[in-house]
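None of the figures in this text is laboratory data; all of them are computed from the coordinates on show. Remember, it's a predicted structure, so these values are computed and weren't measured experimentally. Methodologically, a virtual Cβ is constructed for each residue, glycine included, from the backbone with ideal geometry; neighbour enumeration extends over all protein chains shown.
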């Protein structure tokens, strides 16, 4: 099982991380007038590939094994 954490202060909501996610569990949503990425799918589907981490140029995402 993997824990995906997205720092809303660093996230720019460009959606590139969601585009590379092989299980499509990340989406851009609007929260308080700001677009950010959140886990909108089943987090248990995460494979821990960290492609989202590698793609995020803002260093807003971490993926750790639980």
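Some notes on this structure:
- Correct option for Cα Rg over 2.2 N^0.38 Å [calculated from the coordinates] among [x] 0.99; [y] 1.29; [z] 2.20: [x]
- Estimated FRET transfer efficiency (residue 54, residue 29; beta-carbon r; R0 22 Å; 0.05): 0.50
- Short-range pairs are left out: with C-alpha atoms under 8 Å and at least six residues apart, the relative contact order of the range 2-65 is 45 percent.
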